[in-house]
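Data first, discussion second: the structure below is written as structure tokens.
Every number in this text was worked out from the coordinates using simple rules, so none of it is lab data. No experiment lies behind these values; they were computed from the predicted model shown. Positions of Cβ are generated from backbone atoms using ideal geometry, with glycine treated the same way; all protein chains shown enter the neighbour counts.
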Amino acid sequence: MCYANKKGKDLRKTVPLLLLGLGLALIAASGYFILRTSPPPADLEVVPAQTAFPSPELILTDLQGVSRSLADYRGQVVLVNLWATWCPPCKAEMPTLQAYHDKYDEKGFTVIAINDGDPAEDVVQFVRDYQLTFPVWLDPTYIATEQAFKTMNLPTSFVIDRSGTVRLFWVGEISAKALEKYVTPIIKENQ
């Protein structure tokens, strides 16, 4: 008899917990399906952080095996883009970066895409697939992300002005609208 009473009390404690768990699971599932089917806001844009620090000393090799330095680009506005071939937002922003580079190349602007650790042959194929014409550097030991720019996020971009000062940085995919709004004024300075 005592056993049956104890079992009944345990059941009265267990049923409400099971119902609560089931209710929370249903709420979570509903939220997932609602968010999954809702389109993102059209005006959602990654906004850069404004900063002012000297461009790091960074020397890496390009796809031809030639050593390149950020210091070689002093006098130009440079957007350093840290990326990887496996990164979906990195892939998504490459056509935007290429179009912006093409538009402002003759005004003293360039993109330097620094690949974060992929094998060279994968990077070469990516450059071919995306028809990239701006400089692409290899960083097999993560010097740019871990030491020079101290970030672990991809894609991350830094805008360096003509005097060698890092003025902006983004974490996430950059839109054409954001490039025009934030980078174009820096390109037009001191032309």
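Any of Lys107/Lys181; Lys103/Lys150; Lys150/Lys177; Lys150/Lys181 with alpha carbons more than 23 Å apart? Name them for me.
Numbers: Lys107/Lys181 16 Å; Lys103/Lys150 30 Å; Lys150/Lys177 26 Å; Lys150/Lys181 25 Å.
With Cα atoms farther than 23 Å apart: Lys103/Lys150; Lys150/Lys177; Lys150/Lys181.
Two-decimal Rg/Rh of the stretch 49-188 from alpha-carbon positions, Kirkwood Rh?
On the way: Rg = 13.5 Å, Rh = 14.8 Å.
Using only Cα positions, Rg/Rh for the stretch 49-188 is 0.92.
Within the stretch 140-181, whose backbone N sits under 19 Å from a point 7 Å along Cα→Cβ of Thr61?
140-145
Assuming R0 = 35 Å, what is the FRET efficiency of Val15 and Thr96, from their Cβ-Cβ distance, to the nearest 0.05? Write out the running numbers ahead of the final one.
On the way: r = 55 Å, r/R0 = 1.58.
Plugging the Cβ-Cβ distance into 1/(1 + (r/R0)^6) gives 0.05.
Once the other residues with Cβ under 12 Å from the Cβ of Cys90 are scored (Lys, Arg +1; Asp, Glu -1), what is the net sum? List each step's numbers first, then the result.
Working: positive: Lys91; negative: Glu93, Asp116, Asp118, Glu173.
Charge balance near Cys90 sits at -3.
At a 10 Å Cβ-Cβ cut-off, how would you order Arg128, Arg167, Arg68, Arg74, fewest neighbours first?
Working: Arg128 9, Arg167 22, Arg68 19, Arg74 14.
Fewest-to-most Cβ neighbours within 10 Å comes out as Arg128, Arg74, Arg68, Arg167.
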